Each structure stands twice: as structure tokens, then as C-alpha cells.
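Here's the structure we're looking at; comments come further down.
Derivation of every value follows stated rules applied to the coordinates shown; laboratory data play no part. Everything quoted here is computed from the prediction, not taken from an experiment. Don't worry about glycine lacking a Cβ; one is built from the backbone with ideal geometry, like all the others, and counts go over all protein chains shown.
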């Protein structure tokens, strides 16, 4: 099976985890407009105040996608989805 997750925020990360629990072998692609790894937006004020570090803001370790065999496409924006053709059209570095 092939899966596409749009967005690498907390919901996207938790979606990948749920997919991997249900299907250890399926292909997962994650498309995100963000160029940085997924981080907790709730901790932003703590980071600015110096109460937490950049490393502590990340939702999962840096090797999360690699360990879960996820093909990541950062800095890519989904422009449209064609569910009939099973295609996602994007703009960004790879511009599908």
C-alpha cells in the first residue's frame, strides 16, 4: 500500500506512527511546506524566553523518518489532489 501524509506537524507525525503500527511495509511519503523538522509550536515562547533548547522543541528525534522508512519532501506545497487519478500536485523543489 502507498500512503501520503500532508504536513509534518504533530498530526502528521502521529499519522506516520499510526500507519507504521498498521502497516510495517507500506510506502509512506510526507509532504510538508516546512523545511525544518517537526517542532512543537506550543514551546515557541519557552524557546524565545530561553527556558528550553531547540533540540527539546522537536516532536521526534532527527532520525524518526529514516527509522520509519518515510520519504520526506520538505519545502513542498500541495497545490491540488486528484483522488480519482491518485495524484498529488505540488510546487516546491521537486514540483511533482
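Checked against the criterion of being more than 10 Å from the chain's Cα centre (by Cα) and either touching a residue at least 12 places away in the same chain (Cβ under 8 Å) or in a helix (DSSP H, G or I) (or both), the candidates 5, 16, 72, 78 yield just one match: 78.
Across the stretch 25-40, the qualifying residues are those that are touching a helix residue (DSSP H, G or I) at 6+ places or on another chain (Cβ under 9 Å) and more than 20 Å from residue 76 (Cβ to Cβ), and the one among them that is surrounded by the most Cβ atoms within 10 Å (Cβ to Cβ) is 40. All conditions in (1) in contact with a helix residue (DSSP H, G or I) (Cβ under 7 Å, 6 or more places away or on another chain); (2) under 27 Å from residue 89 (Cβ atoms) hold for residue 22, with the sole exception of (1).
Applying the selection to the stretch 43-69, what residues are surrounded by 14 or more Cβ atoms within 10 Å (Cβ to Cβ), out of contact with any strand residue (DSSP E or B) (no Cβ under 8 Å at 6 or more places or on another chain) and in a loop (DSSP other than H, G, I, E, B)? Result: 52, 60.
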